[in-house]
Amino acid sequence: SSKGAKLLALAGKVRHGGLIEVPMGRTSREIVEGPGGGVPEGRSLKAVQLGGPSGGCIPARLADTPVDYEALTERGAMMGSGGLVVLDDRDCMVDISRFFLTFTRQESFGKCTFCRIGTQRMLEILERMCQGKARRNDLQLLEELADRVNRTSLCGLGQTAPNPVVTALKYFRDEFVAHLEGRCPAGKCADLIHY
């Protein structure tokens, strides 16, 4: 039922970023490889983050999902502000989650306790994970906080702030577990690199 065209801000690990217009229903793979020119040579597509800072991450194995309102929502992402950030095999999904949550936490109006404090606690957990200081129950706590922030926030920002974390946990849980073990599979988190 999504008709017409959509303006997207294409960014990240792609050869040709910028503002593009595509017909609704194009897949993220078609967008990355078409107007985006693909990921840089020698790299592989890992995921796309759709919908702006409150959007969700869709893994490369689901890159044939149509970019329309209904299909993106089914995958945990959204059309949102029309952002499409391309991630490659060098990106750490824990670090990406931390990056987007930093923005939404700063943008919180502060009226709802779970949005104001819950997003801060979620961010602290992600920062611990990236620094190699994660605690055993951090994943469970992260999921519980994400659920409560989503369900108890009054505005759209609070309700969607956990999306990047929730989708990264859903599709890239192994990376979060690796961080609990003191490893960053992507080699991005400097505190987890050992020589």
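Assuming a ≥ b ≥ c are the square roots of the Cα gyration tensor eigenvalues, decide whether the stretch 1-48 counts as rounded (a/c under 1.5), prolate (otherwise, with a/b larger than b/c) or oblate. All intermediate terms of the calculation are to be shown ahead of the outcome.
Numbers: a/c = 2.71, a/b = 1.89, b/c = 1.43.
Verdict is prolate for the stretch 1-48.
Checking the a/c ratio against 1.5 first, then a/b against b/c, what shape does the Cα gyration tensor give for the stretch 33-78?
Prolate, because a/c is 1.5 or more and a/b exceeds b/c.
Place +1 on the Cβ of every Lys and Arg and -1 on the Cβ of every Asp and Glu in the stretch 98-145, take the dipole about the Cα centre, and give the residue among GLN120, LEU139, SER108 whose Cα lies farthest towards its positive end.
GLN120
Are there any trypsin sites (Lys or Arg not before Pro) in the stretch 54-90 that are in a DSSP loop and have at most 16 other Cβ atoms within 10 Å? List them by number.
Those that pass, being in a loop and sparsely packed, are ARG90.
What are the equivalent ellipsoid semi-axes of the chain, built from the alpha-carbon gyration tensor (square roots of five times its eigenvalues), in whole angstrom, biggest first?
Over the Cα atoms of the chain, the semi-axes work out to 27, 22, 12 Å.
In deg cm²/dmol, rounded to 500, what helix-only [θ] at 222 nm does the chain give when every DSSP H run of at least 4 residues adds -39500 (n - 2.57) and the total is split over its residues?
-11500 deg cm²/dmol
Bear in mind these aren't lab numbers, they're just calculated from the coordinates by the rules spelled out. Since we're looking at a predicted model, the values are computed, not measured. FYI the Cβ positions are ideal-geometry reconstructions off the backbone, even for glycines, and counts take in every protein chain you see.
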